[in-house]
Amino acid sequence: MTTTASTASASYWEPLWAQGRRYRQLDDAERRLLDEHIGPGRARPALDIGSGDGAMARHLHHELGYRTTGVDCSPSAIALAAAQDTGPCPGPVWKCLDITTDDLTALPEPAYAVITCRLVYRWMDDKAAFLSRVRQLLARGGVFWVVTEITGRRTTTDPALLGLGITPAKAETLTAGWSVVRTADLDVLRCYALHP
C-alpha cells in the first residue's frame, strides 16, 4: 500500500521549491484588485499564507504599508522570499510554518487585519479545518483575500492542468459563513474578498 503526501505539506512542496520550481507571478492587474479590496495598511498586521517567493507579502508590506508576516511550509520557499527582500527598509517577517498543523501561537501576532492566500486554497486537504484556522487568526473587521483557479477555465485537454481549479462545491465551502463575499475574475483565477 502506498500513501501520497498531503498536498498542503512540506514533504510535497519542499522538493519542488528546492529544485527551482516557480509559480505564477503577481501581476499589475492582480495587485490593483488586491489594493482596491483591502486598502492601505497603516501598519496593521497582515498574514500571507503560502507565501512562496514572497511577492504578495512584500507588496502588502512595502507598497500597502501593512506589518506583514509571510508563512510557508517549505524552508526553500522561505529562504528564497527572505533573499529577495533586499530593500533599504525592514521587510516582512518570514516564518517556516505549516498553517494546517503548527501551533498558531508561533505567529508574531494574535490576529491579522488582512490574511492572504494566493494559489494555496486549492491544495488544502481539509478545507473546512483550514478555514476554521483562518477565522481564528482574522481580526474583527478584517479581510480574508483568496486567489484561486476555478475549474473549467483553462483551454487545455491536459488533465493535470484541468484539475488545478476548485469546483463549485469547494467554492461554496470557501464562501459559506462570511458576512460579505466579493469576487473579481482574472482569466482562470477568481479573487475573493471575504469579511467575517
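The values are calculated or read from the model by the stated rules, or taken from the named source; none is laboratory data. Since this is a predicted model, take the numbers as computed values, not measurements. Positions of Cβ are generated from backbone atoms using ideal geometry, with glycine treated the same way; all protein chains shown enter the neighbour counts. For the accessible areas, the whole protein counts, side chains as well, though only heavy atoms, and no ligand, DNA or RNA atoms are used. Shrake-Rupley method; radii C 1.70, N 1.55, O 1.52, S 1.80 Å.
What to note about this one:
- Restricting the first member to region 26-38 and to residues that are in contact (Cβ under 8 Å) with a residue 24 or more places away in the chain and charged (D, E, K, R), and the second to residues that are part of a helix (DSSP H, G or I) and surrounded by 18 or more Cβ atoms within 10 Å (Cβ to Cβ), the beta-carbon pairs closer than 8 Å and six or more apart or on different chains are 31/59.
- Counting only strands (runs of 3 or more DSSP E) that sit wholly inside region 88-162, those with at least 2 residues that are crowded, with 20+ Cβ neighbours inside 10 Å are 112-118, 138-149.
- Yes/no for residue 193 being aliphatic (A, V, I, L, M) and open to solvent by less than 20 Å² (accessible area, probe 1.4 Å): yes
- Filter pass, residue 90 being closer than 17 Å to residue 67 by Cβ and without any contact (Cβ under 8 Å) to a residue 12 or more places away in the chain: yes
- For region 158-181, the set of residues classified as out of contact with any Phe, Trp or Tyr (no Cβ under 9 Å at 6 or more places or on another chain) and of a type outside the set (A, V, I, L, M, F, W, C) consists of 158, 159, 163, 165, 167, 168, 172, 173, 177, 179, listed by residue number.
- Residue check, residue 14 surrounded by fewer than 19 Cβ atoms within 10 Å (Cβ to Cβ) and in contact with a Pro (Cβ under 7 Å, 6 or more places away or on another chain): yes
- As a summary of the residue check, residue 56 satisfies the conditions (1) crowded, with 19+ Cβ neighbours inside 10 Å; (2) farther than 20 Å from residue 71 by Cβ except for the one numbered (2).
- For region 27-53, the tally of residues that are buried (at least 24 other Cβ atoms within 10 Å of the Cβ) and either of a type in the set (A, V, I, L, M) or assigned to a helix (DSSP H, G or I) (or both) stands at 4.
- Lone qualifier among 19, 84 - being without any contact (Cβ under 8 Å) to a residue 24 or more places away in the chain and open to solvent by 40 Å² or more (accessible area, probe 1.4 Å): 19
- Test: residue in region 164-174 that is open to solvent by less than 60 Å² (accessible area, probe 1.4 Å) and part of a strand (DSSP E or B): yes
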